[in-house]
Amino acid sequence: MLYIASTYTTESVTIGHPDKICDQISDALLDACIEQDPRSRVAIEALGGHGLVVVVGEVTTTAVVDMQTIVRNVYAQCGYADRLEVVERIVHQSPDIAQGVDTGGAGDQGSMYGYATNQTPEYLPQGFVIARKLCSHLTQLREHGTISWLGPDGKAQVTIENGRAATVLVSSQHQAAVELSEVRSVLEQEVIQFCNFDEQCTVLINPTGQFVQGGFAADSGLTGRKIMVDTYGGLIAHGGGCFSGKDPTKVDRSGSYMARWVAKSVVANGLADECLVAVAYAIGQAEPVMITVQSSAGASLEQHIKQTVDFRPQAIIEQFDLLRPIYQPTARNGHFGHEVFPWEHIAEL
């Protein structure tokens, strides 16, 4: 393997985690704008905590969006019923930025990364796939009513040693009346065993002893703070720009999607066991200032990618049909590894 050590730890979170609530709010607002006006320019962040959500950002659109209702609906969809105060501070996008983007240039500067490995059918690192499955399963058990006392907030962490899960940690919010012994017994049976770990795996469930307070009642949340959970679980480089709340002219989002598509297609076509693609842009410029492809295929593959793949923002938008309301689902369980998203569709290169 080129990038991932034989021993590593990675994590994921449920949709009721405070940061993930904010990601979903930002992308729900983006979807609402794009649904009415596909050419909307949107950059929205949400800060939430302790009964308050503040929505800030820059939006240029003809859409008429009821932000208060959307924020509260997303909060309810995440599993919470308490009352929210919602404060909005939204202005128009700077015309200084627009003059470069309107001609097809990138909506910001920065570097983006895409990665794929043949470790798993999802073309993602083994431990990260397991952590996401644990969190997704927690959410499904709660939403389907299988475990009535489960709360929306939760996390999973997985340590891999030489290809096997050595330590698995699950922390899940629960009702106060439930004894810790029941929490641990039920979650081990219904969640941990879901992934079929071997007998030598160390399992930790709610190691603090209880997890009653969760979500905004326990902690603040912020759009973009789970960028590693959103991508490759902290195992691969990240340029630092989050995806949620940004329309696809922002290359933090679209450039990362294209880099992932290239990396996945390289691996899926058998050209490499592992591939890391990096791309960088200058704000207002269409052509990337850098494209690198690192894999066992070597420099010849990099030159081929540079000559055959169009990394200009407008070309990416057209290839993946990104001017449509598809973004809130990306904020629930990661942007990569789900075939429903067009940048996950494999192509010959």
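The values are calculated or read from the model by the stated rules, or taken from the named source; none is laboratory data. Because the structure is a prediction, the values reported are computed rather than measured. Positions of Cβ are backbone-derived with ideal geometry, glycine not excepted, and every protein chain shown enters the neighbour counts.
Looking only at residues of region 301-349 that are within 14 Å of the chain's Cα centre (by Cα) and among the polar types (S, T, N, Q), we find that the one that is nearest to Val277 (Cα to Cα) is Thr330.
Ala177: hydrophobic (A, V, I, L, M, F, W, C) and within 28 Å of Val54 (Cα to Cα), yes or no?
On the way: hydrophobic (A, V, I, L, M, F, W, C): yes; within 28 Å of Val54 (Cα to Cα): no.
Taking the combined requirement at face value, the residue does not satisfy it.
Restricting attention to region 51-82, the residues that are closer than 21 Å to Thr14 by Cα and either β-branched (Val, Ile, Thr) or loosely packed, with under 15 Cβ neighbours inside 10 Å (or both) add up to 10. Elements of the type helices (runs of 4 or more DSSP H) sitting completely within region 251-349 and holding at least 2 residues that are in contact (Cβ under 8 Å) with a residue 60 or more places away in the chain: these cover 251-268, 313-320, 330-333. Of the residues making up region 136-151, at least one is in a strand (DSSP E or B), modelled with pLDDT of 95 or more and over 17 Å from the mean Cα position of the chain (by Cα).
Regarding region 32-40, can at least one residue be identified that is among the acidic types (Asp, Glu), surrounded by fewer than 17 Cβ atoms within 10 Å (Cβ to Cβ) and at pLDDT below 95? No, because not a single residue in region 32-40 is among the acidic types (Asp, Glu), surrounded by fewer than 17 Cβ atoms within 10 Å (Cβ to Cβ) and at pLDDT below 95.
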